[in-house]
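K.L.:
Handing you a structure now.
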Amino acid sequence: MRTLLQNITLEVQKGDIAAQRDVEAVVNAANAELAPGGGVAGAIHSKAGPDLYKECKPLAPIAPGEAVITGAYGLPNNYVIHCLGPVYGEDKPEDELLASCYRNCLKLAEEKSLESIGFPGISTGIFGYPKGEAVKVVFDTVLSELPGLKHLKKIKFVVFGDKDLQLYESKLREIAPD
Ligand code: AR6
C-alpha cells in the first residue's frame, strides 16, 4: 500500500529489510556497538558481509536516538543508516528517543541527497517497544518532517508480519483517507 503526501510517497510493504532493491538506503535497528546481532541487524550484517562491521566499528558506540551512515556492501542499496532505538522501559523518554531515531535517519538521508529510504520498526523487536505505540510515534514524526524534506521522494516502511502490515496500513489510511 502506498500514498502520496506532500509529493512524497509513503509506502508500507511486508518483507525483509535486507532485500529492498527499490530504496537507496535501508535503516538498521542497530545495537550501540553497531555489531551484527539478531533481528534486523542480523539480517543486514549477514547480507552485507563482514566489511560492513569493519566500517561500523570506528563509528561506535552510539546512544539511543542517534544514527550513523555507512556503505551497504552486499546489500542491494547504496547506504545503511544505523540507528539505536530506545529499550522500552529503560531508555526514557521512549517516545522522544524513538522520534529522534526517525528524524536523525531522515536527516542523514537528506544530507546525502537520497531520494528513497526504507525503515524497519525500530525498537519493536528485541527492545520491546509496543508496536501500536511505536507506529503512532513513527507517523507523527515522519509527517512533521515531510515539509522540510528536499530530496526524499519515497519513504518505505518494511514490516515483518501480517499483524504489523495491518497496523501500518490502518495508520496510513487514517492520515491519508482516499
Ligand atoms: N526485516 C524487516 N523487519 C524485521 C526483520 C527483517 N529482516 N527482522 C526483524 N524485523 P529488532 P530492535 C522486525 O529486534 O527492537 C538486535 O539484535 C521485528 O519483527 O531487529 O530495535 C540488535 O543487535 C521488529 O518488529 O530491533 C539490537 O541489540 C522490528 O523489525 C536489538 O536487536 C525490530 O526488531 C535491537 O532491537
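K.L.:
Which lysines have a Cα less than 24 Å from the Cα of Lys154, not counting those fewer than 8 places away in the same chain?
P.N.:
Lys14, Lys47, Lys107, Lys112, Lys131, Lys136, Lys163, Lys171
K.L.:
Taking every Cα atom in the chain, find the radius of gyration and the maximum pairwise distance Dmax, and write them in Å.
P.N.:
Looking at the chain, its Cα Rg and Dmax stand at 14.8, 47 Å.
K.L.:
Right, another one. For the chain, what is the accessible area per residue in Å², given a 1.4 Å probe and the full set of protein chains?
P.N.:
46
K.L.:
Give the angle, between 0 and 90 degrees and rounded to the nearest 10, that separates the Cα long axis of helix 131-145 from the longest principal axis of the Cα atoms of the chain.
P.N.:
Result, in degrees: 80.
K.L.:
Still on this model: How big is D, in µm² s⁻¹, for region 11-85 by Stokes-Einstein at 4 °C and 1.567 mPa s if Rh is the Kirkwood radius over C-alpha pairs?
P.N.:
Answer, rounded: 108 µm²/s.
K.L.:
While we're looking at this one, here's another question. How far, in degrees from 0 to 90, does helix 39-48 lean away from the longest principal axis of the Cα atoms of the chain, to the nearest 10?
P.N.:
60
K.L.:
I'd like the Kirkwood hydrodynamic radius of region 1-52, using the inverse of the mean 1/r over distinct C-alpha pairs, in Å.
P.N.:
Kirkwood hydrodynamic radius for region 1-52: 12.6 Å.
K.L.:
Using the Kirkwood radius over C-alpha pairs as Rh, can you work out the diffusion coefficient of region 109-167 via Stokes-Einstein at 37 °C, viscosity 0.692 mPa s, in µm² per second?
P.N.:
Calculated translational D: 261 µm²/s.
K.L.:
Compute the helix-to-body angle for 162-175: its Cα long axis versus the longest principal axis of the chain, expressed 0 to 90° and rounded to tens.
P.N.:
50
K.L.:
Also: What distance in nm separates the simple spin-label points at Glu33 and Gln13, each placed 7 Å from Cα in the Cβ direction?
P.N.:
In this crude label model, Glu33 to Gln13 measures out at 3.3 nm.
K.L.:
Sorted by average packing, counted as other Cβ atoms within 10 angstrom per residue and highest first, what order do 7-14, 70-77, 55-62 take?
P.N.:
Sorting 7-14, 70-77, 55-62 by mean packing, highest first, produces 70-77, 7-14, 55-62.
K.L.:
Let me ask you something else. Please report the relative contact order for the chain, taking Cα pairs under 8 Å with a sequence separation of at least 6, and give it as a percent rounded to a whole number.
P.N.:
30
K.L.:
Hey, another quick one. Name the residues whose placed amide hydrogens come within less than 5 Å of the amide hydrogen of Asn28, ignoring near sequence neighbours (fewer than 5 apart) on the same chain.
P.N.:
Ile81, His82, Cys83
K.L.:
Which value in deg cm²/dmol, rounded to the nearest 500, describes the helix-derived mean residue ellipticity at 222 nm for the chain, given -39,500 (n - 2.57) per DSSP H run of n ≥ 4 and division by the residue count?
P.N.:
Calculated from helices alone, the mean residue ellipticity at 222 nm is -11500 deg cm²/dmol.
K.L.:
Further question on the same structure: Could you give the dipole magnitude of the chain about its Cα centre, charging the beta-carbon of Lys and Arg +1 and that of Asp and Glu -1, in debye to the nearest 20?
P.N.:
Rounded to the nearest 20 debye, it is 360 debye.
K.L.:
Here is a further query. Quick check: the distance between the Cα centres of region 138-178 and region 35-94, to the nearest angstrom?
P.N.:
If we compute the Cα centre of each part, the gap is 21 Å.
K.L.:
A follow-up question, please. Mind checking the full-extension length gain between Arg2 and Asp51? Use 0.36 nm per residue of separation minus the Cα-Cα distance, one decimal, nm.
P.N.:
Between Arg2 and Asp51, full extension yields 14.3 nm more.
The values are calculated or read from the model by the stated rules, or taken from the named source; none is laboratory data. Computed from a predicted structure; not experimentally measured. Note that each Cβ is placed from the backbone with ideal geometry, even for glycine, and that neighbours are counted across all protein chains shown. Ligands, DNA and RNA are stripped out before the accessible areas are found, and what is left, the full protein with its side chains, is counted by its heavy atoms. Shrake-Rupley method; radii C 1.70, N 1.55, O 1.52, S 1.80 Å.
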